[in-house]
Amino acid sequence: MRDLQAITATLTTMLGTPVTDAQGRLRGRVKDLAVGTGADAGKIAGLVLKTRKGSELVPATGLRPTPSGTLELREEAEMQTLRGGEDYIFLRQDLLDRQIIDVHGRKVVRVNDVDLQWFKQNGLEDLRVREVEVGLRGAVRRLLQGALPAAALDAMTKKIPARVIPWEFVDMIEVDPARRVKLKIEHERLAQLHPSDIADILEDLAPAEREAILTTLDEEVAAEALEEVEPKLQKSMVESLASEVAAGIVEEMDPSAAADLLAELPESRSEAILEEMNPEERQEVEELLVFREDSAAGRMTTEYVAVPKTAEVADAVRALRDFDGDIETITEIYLVDEKGVLHGVVPLARLVLAKPETRLDVLTEARFISCPADAHEQQVAELFDKYNLRALPVLNEAGKLVGVVEADHVIAFLREGR
């Protein structure tokens, strides 16, 4: 027999393979392959045979590959009847044609075939999974299986470039009675992707898979990704979550994005999520829910940095350090009086270059642009375009600063209007 290290196979070519005993009598045909989990992940626990008794499992070490391409059952091999509920991953049932996440390609792909390899263990032949095929080669092999001799099919498909994912990156994700498969990303690896990439992945998955991925992410990462999801799908995803789970994610969202999302939900569902939120975050979102969505107030965030108009640079730096929101969104510091009325805007760049004892009012823009809370979003967009703004403070009738519209908010509603 050839060196076992050189003997490879695929799930497609093994399915339907005859299994005979030492006397050449047919004992069954390969119906599926069972893969172990945990410490045995990647190792073929056994081959599922279709026999006269039904579905029976035989250990891979109980078989030997023959030169003719069949499998021979060892005399000492024990076969057990499958009754369901076994803790295995069945390659044909659970993996083939399933969608999995390719974290390196930042996309969802479909499993077309599985590559296998024979190896020696304790003097017996054993079988393990090498990699998952997600490209054209596996698809063509399955399409032409049975239409061409095995040797010819193997020679032809080897000319097609392989697109594979190593088995060590594949793991089960249990979401409901039906099994689903994803890459074993380890949540911190998924979290390292850009929120837009995670959003693209979520949009390509089935509903149960989206929920499973979303709920395993850190709430802050899940919130950032959810903000990037298309609004209708965003609504659907949140509606599928338990209220307390949804609340944990919504709390981490930008308040304006959270208010927009909750405004799209049925009132009873929105109220249930609000009730589960922390009082401070709930109040911020509820204040925004009273505004029209197409107004400046409906598009603004209440997460900004404001300091007294008499403050110095050192005070602003402390305020930035104490800021609980997304610090990367801050481009300006706002100077307000004891009533919250806006008196000045200081670009962050000027703050960085100034001495700690410098009064902020000497660093303010000569003329700052603001808008009333009820300004239409189109007016807001025109102000950003005309004055090349980074952010736009929103004022109530008394001139009090109530929020800030950021550039990415404008981009978001302009995209929605396309």
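Structure values in brief
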item: Span per principal axis, largest first, for the Cα atoms of segment 41-159 (Å); result: 45, 35, 31
item: Degrees, to the nearest 10: 267-276 long Cα axis against longest axis of the chain; result: 90
item: Bridge type composition, the chain - antiparallel percent by DSSP, nearest 5; result: 85
item: Heavy-atom SASA rank of I411, I201, I369 (probe 1.4 Å, accessible area, largest first); result: I411, I369, I201
item: Accessible area in square angstrom per residue, the chain, 1.4 angstrom probe; result: 52
item: Segment 306-383 - share of DSSP beta bridges that are antiparallel (%, nearest 5); result: 65
item: Under 16 Å from the Cα of K339 - aspartates and glutamates, other chains or at least 8 residues apart; result: E397
item: Structure-based [θ]222 nm, the chain - -39500 (n - 2.57) summed over DSSP H runs of at least 4, per residue, nearest 500; result: -10000 deg cm²/dmol
item: Pair-distance profile P(r), taking every C-alpha pair of segment 266-387, with 10 angstrom steps and integer %; result: 11, 34, 34, 17, 4, 0
item: Heavy-atom accessible surface of segment 307-418: percent carbon and sulfur, 1.4 Å; result: 50
item: Selected from A257, A199, A391 as most flexible by GNM, with the chain as the system and alpha-carbon contacts under 10 Å; result: A391
item: Fraction of alpha-carbon pairs over 16 Å apart in segment 318-366 - percent; result: 44
item: Within the accessible area of segment 22-162 (1.4 Å probe), percent carbon and sulfur; result: 47
item: Solvent-free Debye scattering, log10 I(q)/I(0), computed from the Cα coordinates of segment 197-239 at q = 0.30 Å⁻¹; result: -1.23
item: Sparse-neighbour loop sites [trypsin sites (Lys or Arg not before Pro); segment 348-382; at most 16 other C-beta within 10 Å; DSSP]; result: R367
item: Loop-located trypsin sites (Lys or Arg not before Pro) in segment 21-114, at most 11 other Cβ atoms within 10 Å (DSSP); result: R25, R52, K53, R83
item: Charge context of V341, other residues only, Cβ under 12 angstrom, K/R +1, D/E -1; result: 0
item: Helix 243-252 axis, angle to the chain major axis (alpha carbon atoms, nearest 10°); result: 60
item: Translational diffusion coefficient (Stokes-Einstein; Kirkwood radius from C-alpha pairs) of the chain at 4 °C, 1.567 mPa s, in µm²/s; result: 50
item: Gap separating the Cα centres of segment 305-319 and segment 350-418, nearest whole Å; result: 18
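The values are calculated or read from the model by the stated rules, or taken from the named source; none is laboratory data. Computed from a predicted structure; not experimentally measured. Reconstructed Cβ throughout: ideal geometry from the backbone, glycine too, with neighbour counts over all protein chains shown. Note: areas computed on protein heavy atoms with side chains; ligands, DNA, RNA excluded. Shrake-Rupley method; radii C 1.70, N 1.55, O 1.52, S 1.80 Å.
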